[in-house]
1. Between a first residue in region A:163-177 that is crowded, with 18+ Cβ neighbours inside 10 Å and a second residue that is β-branched (Val, Ile, Thr), which pairs have beta carbons less than 6 Å apart while being 6 or more apart in sequence or on different chains?
2. Among the residues of region B:1-59, write down those that are within 9 Å of another protein chain (Cβ to nearest Cβ) and among the β-branched types (Val, Ile, Thr).
3. With A:Gly154, A:Gly146 as the choices, which residue is more than 8 Å from chain B (Cβ to nearest Cβ), at pLDDT 50 or above, within 21 Å of B:Ser199 (Cα to Cα) and open to solvent by less than 30 Å² (accessible area, probe 1.4 Å)?
4. Mind checking which residues of region B:308-346 are more than 35 Å from the chain's Cα centre (by Cα), of a type in the set (Gly, Ala, Ser) and surrounded by 12 or more Cβ atoms within 10 Å (Cβ to Cβ)?
5. Got a sec? Which of A:Glu12, A:Glu8 is exposed (fewer than 13 other Cβ atoms within 10 Å of the Cβ) and modelled with pLDDT of 90 or more?
6. With the requirement that a residue be over 18 Å from B:Arg64 (Cα atoms) and either within 12 Å of chain B (Cβ to nearest Cβ) or open to solvent by less than 30 Å² (accessible area, probe 1.4 Å) (or both), what does region A:23-49 give you?
Amino acid sequence: MSESEFLERHAELVYNLALRLTGNRTDAEDLAQDALIRALKALPGFRGESQASTWVYRITVNAWKNRVRSEKRRAFWRTVSFGFIDTDDEDGPVREPAADEPPLDQGLEKEEGSSVVQKALLQLEENDRAIVILRELEEKSYEEIGDALDLPAGTVKSRLFRARAKLKTLLERTHAS
Amino acid sequence: MNDEMRERLAAYLDGALSPEDRATVEAQLARSEELRRELESLKALSATLKSLPREKLPPGFFARLEARRHRALKPRTWVFLPPAARPLAFAMSTAVVALVVWDKTRAPESIHVPVGWQGDRAAVVSEADAPTAQFDFAKQVTGAAAGGSGLAANQTIAVAPAAPAPAAARKAARAPGAPLEVAEPAATAFVARSEEERSAFNERQHEYLEKAKKEMGIAKVIQRADSEDDIALDVAEPPAARVSERRLGGVAAVRGAASSQRLGAMSAGPSDDPDATRARAKVVALLLTGPETLQAAWTASGAAGDPPAADFKTQAVAMLPEPGLIVGIQDGKKARIIRWRPVGGEPVLRFHIVPASDKPTRFVQVPPAP
């Protein structure tokens with residue numbers, strides 16, 4: 001598969017996955033580009049052991065989890081280093097501040113329902129959020145999700161069940177208020 | 001219906017069951033209204049999640065991707081010295097290395113220290129020959145004539161021994177059969193090694209907090225019979241336990257059942273005693289004067305979202321026993337009266353920000369509007 005074919009087939013998928021994982025268009029583009037660059041670099045070595053979409057989803061989720069961990073570390077050091085912050089992003093170039101792109105929940109006034117759902121998704125833990133998105137939005141099987149997240153299918157099944165129960169409670173509470 | 005059945009139903013919806021299991025679930029669905037309702041609930045949740053819109057790539061996405069990729073592939077730039085400068089740079093770097101090596105490996109200097117006096121001048125010996133202690137307490141002190149230094153010649157100074165270390169506290173002897181006092185284990189931070197561990201830990205914490213909330217009684221505020229200045233406390237549904245009062249952020253909370261003595265008087269039947277009648281004044285509301293009690297009451301009421309933000313220096317939050325509206329606040333000489341009317345509706349309507357007051361607060365329910 002050529003690079004242009006790969007991008008044509010998967011760039012939008014990766015962007016939408018990134019959008020639901022981060023809840024923010026600026027972060028989503030940043031994450032999606034990071035994931036696609038990694039995928040393009042590894043593309044010559046891809047032998048088709050899994051579907052290309054599952055493979056690229058794995059790269060995207062791993063890139064996202066790395067960012068979450070880095071941000072947690074930076075947030076910790078921000079509280080103790082009093083402004084002496086190393087702003088070099090070890091995962092990529094320095095990120096532009098999100099000045100002109102509003103987060104999803106502000107830019108979707110006309111789509112109140114979807115912003116409520118997105119907010120509920122953001123309250124799930126990282127793996128659970130990825131599992132719900134891959135199952136409900138990308139309609140991946142338990143095995144494909146397990147492949148993407150390096151989890152057994154049985155674990156995917158039980159975590160999906162718990163995540164759905166939590167989402168149901170969050171959405172019911174929001175609806176009630 | 002247990003969680004295992006719910007999980008199986010979810011797998012059925014996801015098309016993840018074997019043909020045999022699928023047939024079994026379909027047979028169960030045909031027999032059970034509850035299962036069918038649960039399946040509809042799962043379908044509704046799935047539809048809600050699928051309602052999230054799919055977005056197109058933002059304009060310029062591929063151009064920015066290429067630029068970023070180009071930056072990532074750019075090789076590092078090395079700085080090369082002009083040929084004439086290279087010997088100098090080499091010599092300087094070698095000199096620095098040599099200096100560091102010399103400093104680390106040279107023998108220490110011989111240090112001379114003064115030791116005692118020899119006649120009219122200090123005797124100086126090298127550090128290697130210096131005694132371990134500069135002063136030999138075993139010897140007599142010789143020196144200045146008496147009166148000069150306050151010491152007589154050849155007077156021995158007695159050096160008092162160091163004060164003994166304070167004796168360790170003796171543990172009181174334990175009476176036979178008395179319980180051992182065991183120090184609480186030091187709290188150790190939980191470090192998750194995986195997402196599953198973190199999820200399991202968070203769930204255990206949540207269960208513990210829910211259990212702790214259930215064990216707490218429900219506090220209500222009533223008037224005490226003997227004085228309208230005082231606010232007495234009672235529980236709504238007293239379990240069998242001893243009452244205890246503890247002030248939390250300005251709200252007195254009661255844990256366990258009320259004492260029979262006090263509540264007996266409160267719940268007594270009709271009486272000619274006007275004080276007793278007043279004692280049976282209706283239990284109305286709580287006045288929350290701290291953020292922790294507000295949060296606890298908010299969570300316990302089942303209201304969604306965040307509690308109202310009050311500036312507790314000048315405000316308090318009135319929690320009504322049921323959804324209602326504040327219709328009046330009257331500041332009396334001895335107490336403040338807040339009048340409220342039930343209106344029905346959301347649990348959030350039980351909470352209202354009111355001005356803070358130093359006086360005891362009484363809540364009075366007025367009839368609903370006709």
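The values are calculated or read from the model by the stated rules, or taken from the named source; none is laboratory data. Just so it is clear, the structure is predicted and the values come from calculations on it, not from any experiment. Virtual Cβ from ideal backbone geometry, glycine too; neighbours counted across all protein chains shown. Each accessible area value is taken on the protein alone, full model and side chains, heavy atoms only, with ligands, DNA and RNA left out. Shrake-Rupley method; radii C 1.70, N 1.55, O 1.52, S 1.80 Å.
1. Once the first residue is crowded, with 18+ Cβ neighbours inside 10 Å and sits in region A:163-177, its partners that are β-branched (Val, Ile, Thr) give A:Ala163/A:Val132.
2. B:Thr48 - this is the single residue of region B:1-59 that is within 9 Å of another protein chain (Cβ to nearest Cβ) and among the β-branched types (Val, Ile, Thr).
3. When all the criteria are applied, what remains is A:Gly146.
4. The answer is B:Ala335, and nothing else.
5. Answer to the check: A:Glu8.
6. Within region A:23-49, A:Gly23, A:Leu43 qualify.
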